[in-house]
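Dumping the structure here so I can ask a few things about it.
The values are calculated or read from the model by the stated rules, or taken from the named source; none is laboratory data. Just so we're clear, the structure is a prediction, and the values are computed from it rather than from any experiment. Methodologically, a virtual Cβ is constructed for each residue, glycine included, from the backbone with ideal geometry; neighbour enumeration extends over all protein chains shown. Just so you know, the surface numbers come from the protein's heavy atoms only, side chains and all, with ligands and any DNA or RNA stripped out. Shrake-Rupley method; radii C 1.70, N 1.55, O 1.52, S 1.80 Å.
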Amino acid sequence: MITVPPALAGLALLAAAPADAAESASAPASSQAATESVTVKEAAGGGAQAERSDEASRVVRWVASSHDNRSLPYVVIDKKAARAYLFNGQGKALGDAPVLIGVQPGDDATPGIGAKSLSEIGPAERTTPAGRFLAKFGKAAGNQKVLWVDYATSVALHTIPVGNKEKRRERMLSKTIADNRITFGCINVPKVFYNKGVVPLFQKKGGYVYILPDIKSIEEVFPRLRVQPFLDAAAP
């Protein structure tokens, strides 16, 4: 199990927007090497998965019982906890890690935001949308490979851009959650979580990303949660 505690967040790489990609391309090699030191706690070594919130647990149970993931791997993003939970296609929990998300709380992307440059995106538009997304790998600015969560709104899951100026590494390492809100909407994850967990699972056929809301009710974002208790009760 890949378990990355908040104090062991890894880094590096790219972004889904031109400016971040440019930063990554121009970062010195020594800076990149300094970000690659990260520890993975394997389950056999005593690493325990972070306790999930009630809302995250509900989504995890729903996906597992309904097979909503269609045998594809999936990630559950709990924005309120700034945490990601990774599962294989059979619903087995493989690990969790802290994440960085959009600056502004909100569960909807601004219409047309995918066509804007970073400089055109205002603070109120820097949200990480909630919902169920079929995610696949593709190219972003700078010919870099990212996991596109929602290509139309330029939301991707990737590691921290090298050379960023917002102290994203420190934010991910901190014990607080409020400072994990710093991106333009993309989801930054530790490098080891990305390279050893997400990439091997998602690289062939992709998978699903379930992003929990921070303003809307969870039933509004995932309507099937309303009927899942009845389906569970009716199951043999």
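List the pairs whose first member sits in the stretch 41-60 and is modelled with pLDDT of 50 or more and of a type in the set (D, E, K, R), whose second member is open to solvent by 60 Å² or more (accessible area, probe 1.4 Å) and not in a helix (DSSP H, G or I), and whose Cβ atoms are under 9 Å apart, counting only residues at least 6 apart or on separate chains?
Listed pairs, sorted by first residue: GLU55/LYS80.
If a residue must be over 20 Å from THR127 (Cβ atoms) and open to solvent by less than 80 Å² (accessible area, probe 1.4 Å), how many such residues does the stretch 181-207 contain? Explain how you work it out, then say what you get.
First, pick out the residues of the stretch 181-207 that are over 20 Å from THR127 (Cβ atoms): 190-207.
Filter once more, keeping what is open to solvent by less than 80 Å² (accessible area, probe 1.4 Å): 190-195, 197-202, 206-207.
Within the stretch 181-207, residues that are over 20 Å from THR127 (Cβ atoms) and open to solvent by less than 80 Å² (accessible area, probe 1.4 Å) number 14.
Has the stretch 111-125 got any residue that is open to solvent by 10 Å² or more (accessible area, probe 1.4 Å) and either of a type in the set (Phe, Trp, Tyr) or under 17 Å from VAL76 (Cα atoms) (or both)? Spell out how you get there, then give the answer.
Initial filter on the stretch 111-125 (open to solvent by 10 Å² or more (accessible area, probe 1.4 Å)): 111-125.
Imposing the further condition that a residue be either of a type in the set (Phe, Trp, Tyr) or under 17 Å from VAL76 (Cα atoms) (or both) reduces the set to none.
No, every residue in the stretch 111-125 fails to be open to solvent by 10 Å² or more (accessible area, probe 1.4 Å) and either of a type in the set (Phe, Trp, Tyr) or under 17 Å from VAL76 (Cα atoms) (or both).
Of all the residues that make up the stretch 134-144, how many are surrounded by fewer than 21 Cβ atoms within 10 Å (Cβ to Cβ) and either within 11 Å of VAL209 (Cβ to Cβ) or of a type in the set (Lys, Arg) (or both)? Write out each step before concluding.
We begin by selecting, within the stretch 134-144, every residue surrounded by fewer than 21 Cβ atoms within 10 Å (Cβ to Cβ); these are 134, 136-139, 141-144.
Now restrict to residues that are either within 11 Å of VAL209 (Cβ to Cβ) or of a type in the set (Lys, Arg) (or both): 134, 136, 139.
Final tally of qualifying residues: 3.
Select from the stretch 73-99 the residues that are farther than 20 Å from GLU51 by Cβ and under 16 Å from the mean Cα position of the chain (by Cα) and write down the one among them that is surrounded by the most Cβ atoms within 10 Å (Cβ to Cβ).
At the first step, the residues of the stretch 73-99 found to be farther than 20 Å from GLU51 by Cβ are 73, 88-90.
Narrowing further to those that are under 16 Å from the mean Cα position of the chain (by Cα): 73, 88.
On the way: PRO73: 25, ASN88: 17.
Out of the qualifying residues, it is PRO73.
Please determine, by comparing only the residues of the stretch 208-236 that are in contact with a Ser or Thr (Cβ under 9 Å, 6 or more places away or on another chain) and either assigned to a helix (DSSP H, G or I) or among the basic types (Lys, Arg) (or both), which one is least open to solvent (accessible area, probe 1.4 Å).
Taking the stretch 208-236 as the starting set, the residues that turn out to be in contact with a Ser or Thr (Cβ under 9 Å, 6 or more places away or on another chain) are 211-212, 214, 224, 228, 231-232, 235.
Right, trim to either assigned to a helix (DSSP H, G or I) or among the basic types (Lys, Arg) (or both) and you get 224, 228, 231-232.
Values: ARG224: 105, GLN228: 14, LEU231: 91, ASP232: 82 Å².
Ranking the qualifying residues of the stretch 208-236, first place goes to GLN228.
Related question: Filter the stretch 152-178 down to residues that are in contact with a helix residue (DSSP H, G or I) (Cβ under 9 Å, 6 or more places away or on another chain), outside any loop (DSSP other than H, G, I, E, B) and under 17 Å from SER117 (Cβ atoms), then give me how many there are.
Final tally of qualifying residues: 3.
Please list, ordered by first then second residue, the pairs with beta carbon atoms under 7 Å, 6 or more apart or interchain, first in the stretch 189-204 and on the phi < 0 side of the Ramachandran plot, second acidic (Asp, Glu) and outside any helix (DSSP H, G or I).
Matching pairs, first to second residue: LYS191/GLU36.
Being among the aliphatic types (A, V, I, L, M), within 13 Å of the chain's Cα centre (by Cα) and over 26 Å from SER53 (Cβ atoms), is that true of even one residue in the stretch 150-162? If you could, list the steps in order and put the result at the bottom.
Filtering the stretch 150-162 down to residues among the aliphatic types (A, V, I, L, M) leaves 152, 155-157, 160, 162.
Those still in the list that are within 13 Å of the chain's Cα centre (by Cα) too: 155-157, 160.
With the extra rule that they be over 26 Å from SER53 (Cβ atoms), the set shrinks to none.
No.
Hey, among the residues in the stretch 187-236 that are within 18 Å of ARG83 (Cβ to Cβ) and among the charged types (D, E, K, R), which one's nearest to the chain's Cα centre (by Cα)?
The extreme case among them is LYS191.
If you go through the stretch 164-180 one residue at a time, do you hit one that is of a type in the set (Val, Ile, Thr) and open to solvent by less than 10 Å² (accessible area, probe 1.4 Å)? Lay out the reasoning, then the answer.
Kept after step one, since they are of a type in the set (Val, Ile, Thr), are these residues of the stretch 164-180: 176-177.
Right, trim to open to solvent by less than 10 Å² (accessible area, probe 1.4 Å) and you get none.
No: zero hits.
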